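The values are calculated or read from the model by the stated rules, or taken from the named source; none is laboratory data. It should be emphasised that the depicted structure is a prediction, and the values quoted were computed from it without experimental measurement. Backbone-built Cβ (ideal geometry, glycine too); neighbour counts: all protein chains shown.
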């Protein structure tokens with residue numbers, strides 16, 4: 001058996017073979033022209049630079065001439081988009097070893113990928129030319145820096161199976177811009193950081209099957225992952241760090257966005273089948289109406305829904321999770337803190353399952369002791385909501401901890417609600433509410449109101465331990 005040190009040496013040797021082979025292939029192309037001795041295009045073309053001159057034409061020529069891949073080396077400066085017309089040139093791989101840097105000094109995307117896919121993800125709708133010439137274009141292992149105010153990273157139109165990996169995009173407008181129609185899209189192990197616009201932008205696009213994983217999407221002033229309009233299904237966001245994707249604090253209220261924003265308003269089909277799992281999502285509380293996750297329904301025929309939000313850590317915004325006009329959502333296994341206005345805000349929604357979540361103040365964090373962090377949970381104008389296993393405390397400067405307003409058919413079960421300035425459970429103009437198996441109130445304040453129900457219809461409280469008063473005015 002070989003030693004660990006010899007295995008490591010072999011891994012390092014293998015890791016250097018591909019870039020070295022690409023460099024050799026590139027030098028052969030430069031010497032022999034666009035074709036090798038067999039008459040076929042070279043498998044890989046290398047483009048290298050030091051950033052001192054515009055290499056747009058050279059990079060575009062390399063994309064046109066290669067038989068498959070373009071290897072980037074050094075610092076390459078371009079001033080207009082490099083266009084990959086996939087049906088004409090064939091599928092392409094643009095790649096580096098992680099050290100290559102591309103500077104976009106003009107407006108538009110550094111790379112614009114254009115396909116012709118008009119079908120869905122179903123195999124029988126994909127035309128032969130898409131399978132043969134356009135499938136799975138790949139960009140991997142380099143950075144894009146924007147020097148122009150309207151410079152963008154990557155734009156995709158009518159692609160099938162595009163894969164973006166190990167990319168770093170910063171100082172651009174949008175990092176990734178998805179337009180018109182795309183299918184089966186993957187982002188993995190990328191950094192989209194400090195851009196003026198959006199990290200990943202679903203721009204009124206028809207897109208099903210997209211996966212964003214293990215990536216750092218932060219400090220993009222227009223939002224982290226943003227979907228507006230279109231016909232979007234199957235957004236999966238997992239194991240990512242999304243933070244600070246909000247405009248500056250002096251921005252107008254109309255600029256408000258979120259680390260993850262799904263805005264279905266006035267779209268024909270809306271967005272549905274969304275999973276947000278295992279992420280840290282946080283910052284920035286000083287930005288106007290900031291949110292970690294905000295989903296806004298009201299598409300033309302209200303198809304949005306089937307949303308799962310689980311296993312995430314939320315903090316340091318005005319509202320941690322905001323659902324408006326959403327149906328069929330599940331929120332479970334998350335940790336909420338530093339919701340300066342709301343930890344959870346649900347409005348005009350239906351069929352929502354809220355499972356075991358922890359919403360509290362950790363005294364080891366200095367900000368958690370700020371009295372002006374309200375932390376409340378507010379559900380209003382909603383129906384058919386189940387709240388089970390919620391741990392909520394530390395709600396300040398508001399009318400209650402868990403507040404239900406104008407709701408009907410609500411179940412609150414197995415929750416711990418305590419240490420709130422107002423009643424830990426507050427019901428207003430509700431009908432058909434069952435509260436059972438809960439611990440409600442603070443044992444140090446049994447003279448305070450623990451449960452208050454105003455102008456409500458049928459309310460049932462059973463099997464609870466209540467520290468404090470239950471007030472149900474006639």
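Values computed for the structure shown
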item: Condition check for residue 53: buried (at least 18 other Cβ atoms within 10 Å of the Cβ), modelled with pLDDT of 55 or more and part of a strand (DSSP E or B); result: no
item: Selection count, the stretch 202-217, where residues are within 10 Å of the chain's Cα centre (by Cα), in a strand (DSSP E or B) and buried (at least 19 other Cβ atoms within 10 Å of the Cβ); result: 2
item: Condition broken by residue 96, with the remaining ones in (1) outside any strand (DSSP E or B); (2) in contact with a helix residue (DSSP H, G or I) (Cβ under 9 Å, 6 or more places away or on another chain); (3) crowded, with 17+ Cβ neighbours inside 10 Å satisfied; result: (1)
item: Residues of the stretch 236-260 satisfying the condition of being surrounded by fewer than 24 Cβ atoms within 10 Å (Cβ to Cβ) and assigned to a strand (DSSP E or B); result: 236, 238, 241, 243
item: Subset of the stretch 375-404 (residues that are outside any strand (DSSP E or B), at pLDDT below 95 and within 17 Å of residue 338 (Cα to Cα)); result: 375, 396, 397, 398, 400, 401
item: Tally of residues being within 20 Å of residue 411 (Cα to Cα) and exposed (fewer than 13 other Cβ atoms within 10 Å of the Cβ) across the stretch 430-470; result: 7
item: Single match in 342, 322, 306 (criterion: in contact (Cβ under 8 Å) with a residue 60 or more places away in the chain and in a strand (DSSP E or B)); result: 322
item: Matching entry among 376, 431 (being in contact with a strand residue (DSSP E or B) (Cβ under 7 Å, 6 or more places away or on another chain) and closer than 23 Å to residue 317 by Cβ); result: 376
item: Residues of the stretch 175-201 classified as under 21 Å from residue 72 (Cβ atoms) and surrounded by 24 or more Cβ atoms within 10 Å (Cβ to Cβ), total; result: 6
item: Residue match in the stretch 115-123 (condition: touching a strand residue (DSSP E or B) at 6+ places or on another chain (Cβ under 6 Å), surrounded by fewer than 20 Cβ atoms within 10 Å (Cβ to Cβ) and part of a strand (DSSP E or B)); result: no
item: Test for residue 43: is it modelled with pLDDT under 95 and under 33 Å from the mean Cα position of the chain (by Cα); result: no
item: Qualifying residue in the stretch 130-147 (condition: buried (at least 18 other Cβ atoms within 10 Å of the Cβ), in contact with a helix residue (DSSP H, G or I) (Cβ under 8 Å, 6 or more places away or on another chain) and either within 17 Å of residue 218 (Cα to Cα) or touching a residue at least 60 places away in the same chain (Cβ under 8 Å) (or both)); result: no
item: Criterion (touching a helix residue (DSSP H, G or I) at 6+ places or on another chain (Cβ under 6 Å), assigned to a strand (DSSP E or B) and modelled with pLDDT of 95 or more) met by exactly one of 83, 70; result: 70
item: Test: residue in the stretch 157-168 that is over 17 Å from the mean Cα position of the chain (by Cα) and not in a strand (DSSP E or B); result: yes
item: Where residue 220 falls short, out of the listed (1) over 10 Å from the mean Cα position of the chain (by Cα); (2) crowded, with 24+ Cβ neighbours inside 10 Å; (3) part of a strand (DSSP E or B); (4) modelled with pLDDT of 95 or more; result: (3)
